[in-house]
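To start, the structure under review is shown below, and the notes come after it.
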Amino acid sequence: MPTNHQPHITYSPEILKQVEQFASIYLKISDMAVILDVPAEQLREDIANRTTEVSKSYHRGKAASKVKLLHQEMQLAYIGSPLALETTQKNLMDMEDDE
């Protein structure tokens, strides 16, 4: 089915920064699109294409928050939280699977 939108919008540095911030709080792409006034389908496509700057901004924001969460989980594991210990063990196995 043909689409009516251009392949890839040019996103300004300000928009890229906003996308990174929105991704860091795990805001849905559909909500980002409303705030940024761009078609959700287009934003979703552009983010799915890992070579675009908007995709890089999105994944950088998401990863930055993931780092914070993993760090917090590790701190809880260090003090003996059973759930945190279990989660960090799973995270380690996921990490090793990805090597």
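Assorted remarks:
- Degrees separating the helix 53-78 axis from the principal Cα axis of the chain, which is the longest one: 10
- Helix 13-24 and the long axis of the chain differ in direction by around 40°, with both axes built from C-alpha atoms.
- Listed residues T88, A48, L76: farthest to the positive end of the dipole of the chain (Cβ charges): L76
- Computed lengthening from L92 to K17, 0.36 nm per intervening residue step minus Cα-Cα distance: 23.9 nm
- Between helix 82-97 and the chain: long-axis angle, C-alpha atoms, 0 to 90°, nearest 10: 60
- Normalised alpha carbon radius of gyration of the chain [divisor 2.2 N^0.38 Å]: 1.36
- Calculated [θ] (222 nm, deg cm²/dmol) that DSSP helices of n ≥ 4 give over the chain, each run adding -39,500 (n - 2.57): -23000 deg cm²/dmol
- Counting only Cβ charges, +1 for Lys and Arg and -1 for Asp and Glu, the dipole size of the chain around its Cα centre is about 240 debye.
Every number here is computed from the coordinates shown, using simple stated rules; none is lab data. Fair warning: this is a prediction, and the values are worked out from it, not measured in the lab. For neighbour counting, all protein chains shown are included, and Cβ atoms are generated from backbone atoms with ideal geometry for every residue, glycine included.
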